[in-house]
Amino acid sequence: LWQQLADTGTLDMSHAVEQITDRFRFVSGTSSHGQRLETIRVVHSLGRLVDPHTADGIQVGLQHREADVPLVCLETALPAKFAETIREAIGSDPPRPDAFDDIEDRPQRVEVIDADPEVVKSIIARDAL
């Protein structure tokens, strides 16, 4: 597959989906914004606050959960990074780590670039050091 990606610039795994699903029990699903908010609310009522991405993972995990098999979902981000969604879900702002206290006042660095893979590659190469 990696050679295919190197040769063609694409990665087609359609022929391997069944094998991957059977061998690793890999599944996928969707979570709507409403489901995401409800998952954040439910988890919060249990004493834990999760970010929207983690809530999506929990929601999809619950959709595919097998009886008597524990569901484990790894947290993917800080709720503080998604204050608007957290506020919508639970009615208050998430706690903010000390390292984020003055983030709005820190210098912002933005570089507008063309939607061109070669431009992106050159910027990554330029800034990699």
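The values are calculated or read from the model by the stated rules, or taken from the named source; none is laboratory data. As the structure is a prediction and not an experimental result, all values here were calculated from the model. Positions of Cβ are generated from backbone atoms using ideal geometry, with glycine treated the same way; all protein chains shown enter the neighbour counts. To get the accessible areas, we keep the full protein, side chains included, count just its heavy atoms, and leave off ligands, DNA and RNA. Shrake-Rupley method; radii C 1.70, N 1.55, O 1.52, S 1.80 Å.
Mind putting together the pair-distance distribution for segment 1-127? All Cα pairs, 10 Å bins, whole percent per bin, short to long.
For segment 1-127, the pair-distance distribution reads 10, 25, 24, 29, 11, 0.
Based on Cβ point charges of +1 for Lys and Arg and -1 for Asp and Glu, what charge dipole magnitude is obtained for the chain about its Cα centre, in debye rounded to the nearest 20?
Magnitude of the dipole: close to 360 debye.
Could you work out the local net charge near residue 51, counting Lys and Arg as +1, Asp and Glu as -1, over the other residues with Cβ closer than 14 Å to its Cβ?
+1
Say each of residue 75 and residue 103 gets a label point 7 Å from the Cα, pointing the same way as Cα to Cβ; how far apart are those two points in nm?
Here the modelled spin labels are 1.4 nm apart.
Quick check for you: with a 1.4 Å probe and neighbouring chains kept, what is the accessible area per residue of the chain, in Å²?
Ligands and nucleic acids excluded, the figure is 79 Å² per residue.
Using a 1.4 Å probe on the protein heavy atoms, what percent of the accessible area of the chain belongs to carbon and sulfur?
Taking all protein chains in place, the chain shows 55 percent carbon and sulfur surface.
Could you list the square roots of 5 times each eigenvalue of the Cα gyration tensor of segment 11-76, that is, the equivalent ellipsoid semi-axes, sorted largest first and rounded to whole Å?
For segment 11-76, the ellipsoid semi-axes come out as 26, 14, 10 Å.
For the chain, what is the mean residue ellipticity at 222 nm derived from helices alone (per DSSP H run of n ≥ 4: -39500 (n - 2.57); sum divided by total residues; nearest 500 deg cm²/dmol)?
Only helices count here, giving -13500 deg cm²/dmol.
Once you mark the GluC sites (Glu not before Pro) that are in a DSSP loop and have at most 11 other Cβ atoms within 10 Å, what is the longest gap between them in the chain?
Here the longest run is 1-65.
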